[in-house]
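As structure tokens, the structure follows; a few thoughts come after it.
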Amino acid sequence: MSSTMTQNSLDSPRFEDHPALHIAGLRGHFTTATWAGIPEQWERLISYCKLPGQVGLAHYGLCFILPQGIDYLSGVEVSGTPGLPSEFSSVQIPAQRYAVFSHNEHVSKLRGTLDAIWHNWFPGSGYEPARQPAGAPEFFERYGDKFNPKTGLGDIEVWFPIQSKRSER
């Protein structure tokens, strides 16, 4: 993808200080070779309908970057873990400041938005991804109540925890 195409498809982010989140859902490990399995994980999550302790209607895709691929958790916000199915994982995301990017294309094109954030927005933004505590994701996708899983369109955001760039390490 050319830099021009990437820059044109990325809207300026909004900045938001968000309280802590507790997300529970299904977690799997994916590599480039198994990336196509992520939609199946979402279908399994959606089959549960509403979960015990679920807060709101939004769904979240948490991304944990690992040396050999990613762990990806498809989930919802919960008030606690009692009553959740045994195959579910839960993750605490601390309160922090985010750069929030709208993704206005089909969900299958999220990788292009992520590339644009990493390669076009971060370098000139004055920000860098904030270091996360052990167990927290590097970033997450938020699918709001206007997201349509049948069409793969509507109400998709990418949330990156940010900190100001430091001049020296």
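Every number here is computed from the coordinates shown, using simple stated rules; none is lab data. In this text the structure is predicted, and so the values were computed from the model without any measurement. So basically every Cβ, Gly included, is an ideal-geometry build from the backbone, and we count neighbours across all protein chains shown.
Some notes on this structure:
- Here Asp17, Asp71 are placed in order of increasing Cβ neighbour count within 10 Å, fewest first, which gives Asp17, Asp71.
- Cα centroid of the stretch 32-53 to Cα centroid of the stretch 72-146, whole Å: 15
- DSSP-assigned coil residues among trypsin sites (Lys or Arg not before Pro) in the stretch 1-101, each with at most 12 further Cβ atoms within 10 Å: Lys50
- For the pair Asp155 and Gln68, a Förster radius of 22 Å applied to the C-beta separation gives a FRET efficiency near 0.10, rounded to the nearest 0.05.
- The stretch 1-101: relative contact order in percent, alpha carbon pairs under 8 Å with at least 6 residues between: 46
- Ordering Ser79, Ser86 by the number of other Cβ atoms within 10 Å of each residue's own Cβ, fewest first, gives Ser86, Ser79.
- Per residue Cα convex hull volume in Å³ - calculated over the stretch 119-169: 117
- Sorted by Cβ neighbour density within 10 Å, fewest at the top, the residues His103, His59: His59, His103
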